[in-house]
Amino acid sequence: MIYLDHASTTPLDKEVTKVMMPFGVQKFANPSSLYKLGRESATAIRDSRLSVAKILNCSPEEIIFTAGGTESDNLAIFGVANQFLARAKDYHLITTNIEHSAVLNSFRALEKKGFAVTYLPVDKYGLVIAKDVMKALRPNTLMVSIIYANNEIGVIQPIAEIAQVIKNYRHIQRVDTVSKDPHFPIFHSDACQSAGYLDLNIENLGVDLLTLNGSKIYGPKQVGLLYKNRDITLEPLFYGGDQEYGLRPGTENVAGIVGFAKALELVNKSKNKETVRLTKLRNYFIMELLKINNTSLNGHPTLRLPNNINVSFLGIEGESIMLKLDRLGIYVATGSACHSLSLEPSHVIMALGQSIEYAHGSIRFTLGKNTTKKELDQVLKILPKTISELRRISAIKS
């Protein structure tokens with residue numbers, strides 16, 4: 001097996017599994033219980049929150065544990081917007097046209113409810129231009145949400161620069177038509193693909209809300225977090241107990257939270273070394289792939305995650321490549337895993353100004369901590385022949 005779909009999900013790290021196990025068997029009590037066993041669970045959550053807060057350089061009470069990146073994105077977006085739902089037509093939101101579906105579909109839903117939404121374009125490399133954000137801001141802008149590193153093409157956005165643009169705009173707009181709160185527009189970023197490779201220091205990024213999840217960092221699935229600036233008010237998505245400061249009610253997933261915190265700790269420790277290693281492998285793989293006729297790289301050549309390679313093979317469908325490699329024990333993706341059952345062309349590739357043919361012929365290879373050059377060389381031995389065979393029988397002509 002050669003697994004090259006780490007942007008979709010990652011295997012559990014052995015150390016993560018080890019720390020999780022006791023909280024499913026011996027230390028299984030509800031953290032809200034007052035007896036010793038319950039207090040042990042509560043302490044584990046507290047310690048996990050402290051660990052995560054240290055990495056993000058924020059206060060522990062600014063960490064909200066959730067059931068994953070999608071929930072965190074929804075809590076951030078609807079948590080802000082729903083406070084203004086009664087006068088939705090008076091307010092404005094900004095995002096980009098290359099967001100993960102958890103963000104993009106949330107904004108589309110809010111647009112249907114009456115909010116004005118600006119979908120910022122990207123350049124041919126998939127980059128958002130900070131000046132475009134500045135031009136799009138309005139006195140009634142509630143929120144800006146821009147992905148830190150794209151899940152399909154791995155392009156890294158200038159989040160700190162955009163945050164400074166928003167901060168400067170707040171100072172200019174002293175007469176706030178949104179509310180008396182000086183934090184509007186609120187800045188959110190989905191950073192699920194970024195953990196383990198990029199800076200997560202909140203002070204450096206300048207964001208108000210930040211989404212992370214466990215499945216991209218060798219942690220458990222269905223666990224994530226939302227960093228929330230302590231001065232930001234959110235409305236919960238659903239109601240129940242007062243867990244997670246009343247923003248995420250329900251009995252906590254103690255094992256998942258402990259595993260997520262451990263996974264984040266481990267990838268943060270290995271970040272610098274792993275980034276150097278994977279960047280070399282990424283650049284080598286891109287160079288070799290582009291030797292195949294009618295192949296092009298999608299996204300910026302260097303301002304991209306060290307583990308992400310997204311290329312288009314003209315003249316064939318990406319699904320046919322993926323299925324052919326699947327039979328050979330090589331696992332890749334045609335784009336976001338959230339859209340794997342859709343026949344629609346990738347909205348991200350289309351946003352680069354490419355044709356439908358490019359979008360349909362795109363394949364995403366994402367490397368991981370166990371990926372080796374030997375594995376990539378095995379793929380490179382198989383892939384050119386596979387592409388040639390598929391092009392001969394394809395109905396698409398490049």
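The values are calculated or read from the model by the stated rules, or taken from the named source; none is laboratory data. In this text, all values refer to a predicted model and were calculated from it rather than measured experimentally. Methodologically, a virtual Cβ is constructed for each residue, glycine included, from the backbone with ideal geometry; neighbour enumeration extends over all protein chains shown. Protein only, heavy atoms only, side chains kept; ligands, DNA and RNA dropped before computing areas. Shrake-Rupley method; radii C 1.70, N 1.55, O 1.52, S 1.80 Å.
Summary of values
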quantity: Percent antiparallel among DSSP beta bridges (both partners in the chain, rounded to 5); calculated: 55
quantity: Rounded percent of accessible protein surface that carbon and sulfur make up, the chain, 1.4 Å probe; calculated: 55
quantity: Label assignment, Cα extents along the principal axes in Å derived from the structure, set (i) 64, 54, 33; (ii) 72, 50, 40; (iii) 83, 43, 37; calculated: (i)
quantity: Label zone at residue 172 (point 7 Å along Cα-to-Cβ), backbone N below 15 Å, region 103-134; calculated: 130-134
quantity: Full-extension gain in nm, residue 393 to residue 303, via 0.36 nm per residue minus C-alpha separation; calculated: 28.8 nm
quantity: HN-Hα J in Hz across region 149-164 - Karplus 6.51, -1.76, 1.60, θ = phi - 60°, x for Gly and Pro; calculated: 9, 5, 6, 9, 10, x, 5, 8, 8, x, 4, 4, 5, 5, 4, 5
quantity: Heavy-atom surface of the chain, accessible at 1.4 Å and reported per residue (Å²); calculated: 44
quantity: Using alpha-carbon coordinates, inclination of helix 318-327 to the longest axis of the chain, degrees; calculated: 80
quantity: Between helix 101-112 and the chain: long-axis angle, C-alpha atoms, 0 to 90°, nearest 10; calculated: 60
quantity: Modelled FRET efficiency - R0 30 Å, residue 280 with residue 356, Cβ distances, 0.05 increments; calculated: 0.35
quantity: Residue among 107, 121, 268 farthest towards the positive dipole end of the chain, charges placed on Cβ; calculated: 268
quantity: Computed over the chain: relative contact order in percent, which uses C-alpha pairs under 8 Å that are six or more apart; calculated: 23
quantity: Extension reserve of the residue 287-residue 344 stretch, reckoned as 0.36 nm per residue once the Cα distance is removed; calculated: 17.7 nm
quantity: Pair residue 32, residue 160: separation of 7 Å Cα→Cβ label points (nm); calculated: 4.2
quantity: Residue among 23, 238, 365 with the largest mean-square fluctuation in a Gaussian network model of the chain, springs linking Cα atoms under 10 Å; calculated: 238
quantity: Among 98, 349, 286, residue whose mean-square fluctuation peaks in a GNM of the chain (springs only between Cα atoms under 10 Å); calculated: 286
quantity: Accessible area (Å², 1.4 Å probe, nearest 10) - residue 134; calculated: 100
quantity: Between 0 and 90°, nearest 10: helix 36-56 axis offset from the chain longest Cα axis; calculated: 60
quantity: Computed magnitude of the charge dipole of region 76-216 (debye, nearest 20; Cβ of K, R +1, Cβ of D, E -1); calculated: 500
quantity: Cβ-Cβ FRET estimate between residue 89 and residue 39, R0 fixed at 35 Å, reported to 0.05; calculated: 0.10
quantity: Amide H within-cut-off set for residue 118, under 5 Å, with H built and near neighbours excluded; calculated: 93, 94, 95
quantity: Among the listed pairs 124/167; 124/373; 324/369; 113/167; 291/369; 262/374, those beyond 31 Å (Cα-Cα); calculated: none
